[in-house]
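Taking it in order: structure first as structure tokens, then the write-up.
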Amino acid sequence: MNSNSHNIILKTKALSIGYRSKKTEICIASGINLTLKKGELIGLVGGNGIGKSTLLRTLTNVQPALNGNVFLNDKPLQDYDNLALAKVLSIVLTEPITSKNMSIFELIALGRQPYTNWVGTLTEADTNAVNSAISHTNLDALKHKKCYELSDGQLQKVMIARALAQDTDLIILDEPTTHLDMYHKAYILKWLKKLVEHTGKTILFSSHEIDLAIQLCDRLIVMKTDSIVCDEPCNLITQGVFNNLFPDDLIVFDETTGSFRVRK
Amino acid sequence: MKPQKTYTLTFILLLLLVILLFFVNVSLGSVSIPFSDIVNSFFTDASAYTNKEYIIQNYRLPKAITAILVGSGLGISGLLMQTLFRNPLAGPFVLGITSGASLGVALVIMGSSVIGGVFTALLISKWSLVIAASLGSFVVLLTVLIVSSKVRDTMAILIIGLMFGSITSAVVSVLSYFSSAEELQQYIFWGFGSLGDLQWEELGVFASIYAVGLVFSIASIKALNTLLLGENYAKSLGLDLKKSRLIIIIATSLLAGTITAFAGPIAFIGLAIPHITRLVFNTANHKILIPAVFLSGAIIMLICDSIAQLPNTDYTLPINAITSLIGAPVVIWLLVRKRKMVF
């Protein structure tokens with residue numbers, strides 16, 4: 001355990017997540033102990049309302065943890081200021097961007113903000129980082145198009161390229177495959193897998209595409225009401241983790257194919 | 001291929017247009033003055049001014065400079081508010097600046113009949129209206145800021161600003177109801193806006209506050225560009241959201257507040273100029289937009305003022321009416337021609 005601690009990028013210790021208002025505390029999940037290693041593609045799956053987004057929001061310091069700690073590169077998350085965090089962790093959200101009147105290049109270049117000067121001038125190193133993010137994502141042909149000219153799938157790729165340009169060890173994506181058709185869902189996830197292999201970055205994403213995640217991820221975090229488990233997909237299948245992920249009156253998990261079937 | 005379009009030529013053309021319109025604006029008025037006299041007036045000793053030179057130096061030059069400051073300042077503060085609130089309908093006055101100024105001025109002009117002789121001691125001079133407008137906008141803005149510091153959501157600040165606007169205009173209505181016809185007329189005249197009432201020393205105060213506001217605006221260029229992605233992304237890119245929001249609001253208050261204090265509540269320009277500039281330049285990058293809005297604001301205000309003073313007549317139209325009469329058709333025409341709103 002100790003020998004590969006340098007290999008760990010993110011770790012949570014007895015983490016409780018939820019919302020706190022003046023009088024009440026709504027705990028969504030507690031006792032979360034996760035370890036994310038460098039160079040892995042990790043999927044986060046679970047039913048609607050189980051707390052996937054809350055977990056991601058806590059891991060990305062958008063909202064504070066109720067209890068316990070998140071360590072990013074062995075340093076507690078709350079010890080990072082915004083700027084230091086921006087150099088280690090980048091995010092891709094489900095919310096649409098405010099202005100689409102930017103060229104693809106300009107949008108991806110905004111990923112360099114943590115490194116640029118007070119007025120945001122791109123140095124040669126910045127331009128190179130943007131161009132390498134663009135070529136990693138095969139967006140060269142589109143780079144001078146405006147964002148409002150893009151399809152949903154293309155825009156999602158651009159947002160991921162922006163996170164790449166931010167040059168962080170860890171990228172966290174909240175449901176990167178929503179609004180995409182079946183082909184593009186597989187395309188984006190397969191391509192995340194390739195990115196992990198080529199760049200050595202760690203990518204954590206939440207998704208409802210459990211079948212695809214099982215096939216592509218190095219490890220899966222499965223959130224259920226009573227427990228959160230994190231393991232390699234085949235181990236999770238043999239442990240029967242997916243069997244009671246959803247109520248079994250409509251869909252059942254088929255262990256041989258690793259996918260869900262509608263009960264006839 | 002270049003990563004970004006260069007706008008150098010457009011900027012040079014716009015700058016030349018500003019200079020040309022500046023001279024046209026100085027030259028036109030109840031008497032037309034040829035360009036040569038304008039140039040000569042700079043080289044004449046103040047004691048030896050001819051009538052025309054006196055008009056130029058003490059009346060028309062300050063007015064043309066005011067027009068440039070008002071147009072550019074309102075345009076920039078409108079741009080700041082539209083980006084901060086992610087709302088194309090936001091303008092420089094969404095934080096209650098005009099309504100506060102109106103309240104201050106209404107209290108000075110109309111308050112005497114309601115409250116009694118408290119204000120009668122204050123002669124209704126230019127400075128007393130300026131001070132009343134500044135105090136009024138400062139108090140309302142401060143209240144909006146204090147209330148807004150309790151909320152995390154930027155949209156809530158927008159609504160709070162609008163609510164305070166409603167409260168103050170209600171107070172103004174009550175005051176108007178109890179006022180005499182002369183007082184009402186004087187208040188309405190203030191509401192028309194005016195670029196021509198400033199002496200050099202007033203202009204000096206105006207320009208200094210304006211300059212501070214401009215520096216704050218330029219300092220927030222990077223934050224404004226980051227905010228184009230939305231607040232959560234901006235935070236994830238290392239932006240200190242609270243600090244940037246405060247700087248943007250201070251910049252707007254200084255620009256729009258001082259303009260309203262010295263020139264009255266000039267409508268429409270602050271809302272329209274950013275849209276016109278975005279449609280013409282087709283970019284959302286504030287490094288381009290801020291200088292572009294500065295130039296377009298100056299151009300449109302100089303044109304509006306030249307028309308408002310009705311060349312070769314003794315009449316001057318209210319500048320507030322002209323800005324909308326000229327500006328609104330331009331925005332409509334641009335939107336129809338481009339068939340698409342860019343924001």
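The values are calculated or read from the model by the stated rules, or taken from the named source; none is laboratory data. Worth saying up front: this structure is predicted, and the values here are computed from it rather than measured. Neighbour counts run over all protein chains shown; Cβ positions are idealised from the backbone, glycine included. Just the protein is used for accessible areas: all its heavy atoms, side chains included, with ligands, DNA and RNA removed. Shrake-Rupley method; radii C 1.70, N 1.55, O 1.52, S 1.80 Å.
Skip the ligands, DNA and RNA, and give the accessible area per residue of the range B:147-212 with a 1.4 Å probe, whole Å². Before the final figure, lay out each step's value.
On the way: 3800 Å² over 66 residues.
Heavy-atom SASA per residue in the range B:147-212 reads 58 Å².
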Here P(r) for chain A, Cα-Cα distances in 5 Å bins, as whole percents, is 1, 6, 12, 16, 18, 16, 13, 9, 6, 2, 1, 0, 0
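So what is the 222 nm mean residue ellipticity for chain A from helices alone, if each DSSP H run of at least 4 adds -39500 (n - 2.57) and you divide by all residues, rounding to the nearest 500 deg cm²/dmol? It would help to have the intermediate numbers written out before the result.
Working: 8 runs with 77 residues, N = 264.
Rounded to the nearest 500, the figure is -8500 deg cm²/dmol.
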Chains A and B, summed buried accessible surface - 1.4 Å probe, Å², nearest 100: 2800 Å²
With a point put 7 Å past each Cα toward its Cβ, work out how far B:Arg152 is from A:Asp249 in nm, to one decimal. 3.6 nm
Taking every residue of B:222-230, the Cβ atoms of other protein chains inside 10 Å of its Cβ average out to 6
How many Cβ atoms of partner chains, on average, are near each residue of B:278-284 if near means within 10 Å of its Cβ? 3
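What number comes out for the charge environment of B:Arg152, summing +1 per Lys or Arg and -1 per Asp or Glu over other residues with Cβ under 10 Å away? List each step's numbers first, then the result.
On the way: positive: B:Lys150, B:Lys242; negative: B:Asp153, B:Glu231.
Neighbour charge sum, excluding B:Arg152 itself: 0.
Within 10 Å of each Cβ in peptide A:107-115, how many partner chain Cβ atoms are there on average? Round it to a whole number, please. Can you show the working numbers first?
Working: counts 3, 0, 4, 9, 4, 1, 11, 5, 1.
The shielding value for this peptide is 4.
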Can you give the convex hull volume of the alpha carbon atoms of the range A:99-167 per residue, in Å³? 79 Å³
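Grab the DSSP H runs of chain B that are 4 residues or longer, score each as -39,500 (n - 2.57), total them, divide by all residues and round the 222 nm result to the nearest 500 deg cm²/dmol.
-24000 deg cm²/dmol
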Considering the alpha-carbon set of the protein assembly as shown alone, what are its Rg and its Dmax in angstrom? 29.8, 103
Given backbone amide H placed at 1.01 Å from N, residues whose amide H is under 5 Å from that of A:Met223, ignoring those fewer than 5 places away on the same chain, are A:Val45, A:Gly46
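Hey, if we sort B:Tyr210, B:Tyr315 by accessible area with the 1.4 Å probe, largest down, what's the order?
B:Tyr315, B:Tyr210
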How much accessible area per residue does the range B:261-327 have, in Å², with a 1.4 Å probe? 30 Å²
Under 5 Å, built H, 5+ apart or other chain: amide partners of A:Ile28: A:Ile17, A:Gly18, A:Tyr19
With x for Gly and Pro, the residue-by-residue ³J(HN,Hα) of the range A:93-104, computed from phi through the Karplus equation 6.51 cos²θ - 1.76 cosθ + 1.60 at θ = phi - 60° and given in whole Hz, is 9, 7, 5, x, 6, 5, 10, 9, 8, 10, 6, 4
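Order A:Asp218, B:Asp197 by their accessible area, 1.4 angstrom probe, all chains in place, largest first. Mind showing how you got there, number by number?
On the way: A:Asp218 50, B:Asp197 75 Å².
So, going from the largest accessible area down, we get B:Asp197, A:Asp218.
Just want to confirm a number: the relative contact order over chain B, from Cα pairs under 8 angstrom separated by 6+ residues, in percent.
Numbers: 491 pairs, mean separation 101.1, N = 343.
Worked out over chain B, it gives 29 percent.
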Sulfur and carbon atoms: percent of accessible area, chain B [1.4 Å]: 71 percent
Net charge (Lys, Arg +1; Asp, Glu -1) of residues whose beta-carbon lies under 11 Å from that of A:Leu236, A:Leu236 excluded, is -2
Which value, in Å² and to the nearest 10, is the accessible area of B:Asp240 when all protein chains are kept and the probe is 1.4 Å? 80 Å²
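Using Cα-Cα distances under 8 Å and only pairs 6 or more residues apart, what relative contact order does chain A have, in percent? Don't jump to the answer; show the numbers that get you there.
Values: 442 pairs, mean separation 61.9, N = 264.
After rounding, I find 23 percent.
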With every protein chain in place, what's the accessible area of A:Lys145 (1.4 Å probe, Å², nearest 10)? 90 Å²
Measure off, as a whole percent, the carbon and sulfur share of the 1.4 Å-probe accessible area of the range A:99-167, all protein chains present. 48 percent
In whole Hz and in residue order, list the ³J(HN,Hα) couplings for the range B:214-225 that follow from phi through the Karplus curve 6.51 cos²θ - 1.76 cosθ + 1.60, θ = phi - 60°; x for Gly and Pro. 5, 4, 4, 5, 5, 5, 9, 4, 5, 4, 4, 5
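Please tell me the relative contact order of the range A:126-189 in percent, rounded to the nearest whole number, where contacts are Cα pairs under 8 Å and at least six residues apart. Could you put the intermediate results ahead of the total?
Working: 32 pairs, mean separation 21.5, N = 64.
Normalised by residue count, the contact order of the range A:126-189 is 34 percent.
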Leaving out ligands, DNA and RNA but keeping every protein chain, what accessible area does B:Trp200 have, in Å² rounded to the nearest 10, with a 1.4 Å probe? 100 Å²
Could you please state, rounded to a whole Å, how far the C-alpha centre of the range B:179-236 is from the C-alpha centre of the range B:315-336? 19 Å
Excluding B:His286 itself, calculate the net charge of residues whose Cβ lies under 13 Å from the Cβ of B:His286, where each Lys or Arg counts +1 and each Asp or Glu counts -1. +2
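As a test of reading the structure, rank B:Val293, B:Val171 by solvent-accessible area (1.4 Å probe, protein chains only), most first.
Numbers: B:Val293 0, B:Val171 65 Å².
In descending accessible area the options line up as B:Val171, B:Val293.
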